[in-house]
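Below is one structure, written out as structure tokens; the observations come after it.
A short reminder: the numbers here are calculations on the coordinates, not readings from a lab. In this text the structure is predicted, and so the values were computed from the model without any measurement. With ideal geometry, Cβ positions are generated from the backbone for all residues, glycine too; neighbour counts draw on all protein chains shown.
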Amino acid sequence: MSEPKPVAETIAFWLLERAVEWLPLLGETLADLVHGASDDVPLVPRLREILPVEGAAARAARALERR
Amino acid sequence: MSLRSAVLFSAIAVVVAFVAMSILGCGLFPKVPDERAIARGAVLATAEAVKAADVACAQYGTATEDLELLQSCAHHYDAARIALIATGSAVDLWDRAETRGSVACALARALAELEQLTQDLAARGTRPPSIIEDARALAATLGGCPDV
């Protein structure tokens, strides 16, 4: 007959299992925090957001011409 | 303590030490940004500067009903936008060696158009937005382009 597992050992096993499970995610999150998560996000769509086809001056010029 | 428990607690200690070292290491030895990261930052900063200059131009041109200024700003905005999107494409394809050299030159063309925008504003006594200086400083770290 085997002796029952001590509570500390059961908890330790559980902690170790969780740590192994979460370690890759933790590493990824830390890397994102330090080196920036945006490195793989394409730049062109972001640029099109910042700079629309028609800028503010062009819109203003069009409005002024209509007057 | 049994041998099994000792091994288990040692494994947990290693995991805890790894996490602690990762966190401490991040603060003590920050990674030096690579050339691609600097290029991304320079392109985004220049885009924001072009936008700021365009908005400043639109506000001033509308207030003074200066159609010539508005049309000139719109022309330089279009040229800067095209150059920046070309630069962005080159940065997105960074791993292809031939695109790297074109980044600094495409960005230099965008900065030249931004320069024209700020000169149009300065000629009318308007102080260009300070973000433009930030973009210039960041772009300068890429080394510039010999052709522009």
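Two-decimal Rg/Rh of the stretch B:50-122 from alpha-carbon positions, Kirkwood Rh? Checking Rg against Rh, the ratio lands at 1.12. Once the Cα-Cα distance is subtracted from the 0.36 nm per residue extended length, the B:Asp134 to B:Ala63 segment shows a gain of 22.9 nm. Each of B:Ala80, B:Ala53, B:Ala90 was scored by the projection of its Cα onto the charge dipole of the stretch B:41-97, and the greatest displacement toward the positive side belongs to B:Ala90; charges sit on the C-beta of Lys, Arg, Asp and Glu.
Taking 0.36 nm per residue of separation and subtracting the current Cα-Cα distance, fully stretching the chain between A:Glu21 and A:Arg62 would add 8.9 nm.
Footprinting exposure proxy ranking of B:Cys145, B:Cys57, fewest other C-beta atoms within 10 angstrom first, gives B:Cys145, B:Cys57.
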